[in-house]
Amino acid sequence: MYFELSVRIERPPADVFAFLRDKDLFPQPAGSPVLTLDKTTPGPVGVGTRYSEVVQMLPLVRGKIRSRITRFEPSRFLEEDFSGAGMNGHLAYEFVPDGEATLLIQRETLEPRGPLRPFAGVIERSLAAKLRERLDSIRHVLESGWEG
């Protein structure tokens, strides 16, 4: 499945990029399915940086997802591959200057594996709404005065 969404954020691309680059440093909003998110490689973020996260998939089911940065162009592109919890995927952010603001474009591919494959349609419908909520949440945090 493939998703492409965008949101205009009243902050310059460098600020939006810094926020997403340092995603492990910020607490998750209430109700987030992400229970933990840890950077597992030392040093500054760049190509090859790895993360590990635990997500709440269903009320009693948690899954572990591992990701790795595959493209790192400050204020322009940030991409990662991820796998775990029965899925493989790729997440790509593009940061497009829009006056003093940023058009943040998110492109994501996701492939359910094994026992999740028959539920691809349900996953796709559910995830589309969650991705939109997440982009709106990012916009809200950044426009509410976040300082990186």
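The values are calculated or read from the model by the stated rules, or taken from the named source; none is laboratory data. A quick note: this is a predicted structure, and the numbers were derived from the prediction, not measured. In this analysis, Cβ positions are derived from the backbone assuming ideal geometry, glycine residues included, and neighbour counts consider all displayed protein chains.
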| Whichever residue in the stretch 55-75 is at pLDDT 95 or above and basic (Lys, Arg) and, among such residues, is farthest from Val45 (Cα to Cα) | Arg66
| Subset of the stretch 111-148 (residues that are modelled with pLDDT of 80 or more, within 19 Å of Asp24 (Cβ to Cβ) and part of a loop (DSSP other than H, G, I, E, B)) | Trp146, Glu147
| Criterion violated by Leu35 - all others in (1) surrounded by fewer than 17 Cβ atoms within 10 Å (Cβ to Cβ); (2) over 16 Å from the mean Cα position of the chain (by Cα); (3) in contact (Cβ under 8 Å) with a residue 24 or more places away in the chain satisfied | (2)
| task | Answer yes or no: is there a residue in the stretch 78-88 that is free of Cβ contacts under 8 Å to residues at least 60 places away in the same chain, assigned to a loop (DSSP other than H, G, I, E, B) and touching a helix residue (DSSP H, G or I) at 6+ places or on another chain (Cβ under 7 Å). | result | yes
| remark: Over the stretch 23-32, the set of residues touching a strand residue (DSSP E or B) at 6+ places or on another chain (Cβ under 7 Å) and free of Cβ contacts under 8 Å to residues at least 24 places away in the same chain is Gln28
| remark: Of Asp24, Asp81, the only residue that is over 17 Å from Leu110 (Cβ atoms), of a type in the set (Asp, Glu) and within 16 Å of the chain's Cα centre (by Cα) is Asp24
| Residues of the stretch 92-148 classified as within 16 Å of the chain's Cα centre (by Cα) and of a type in the set (Ser, Thr, Tyr), total | 4
| Is at least one residue of the stretch 66-75 part of a loop (DSSP other than H, G, I, E, B) and either free of Cβ contacts under 8 Å to residues at least 24 places away in the same chain or under 21 Å from Val141 (Cα atoms) (or both)? | yes
| query | If you go through the stretch 2-32, how many residues are on the phi < 0 side of the Ramachandran plot and surrounded by fewer than 16 Cβ atoms within 10 Å (Cβ to Cβ)? | reply | 16
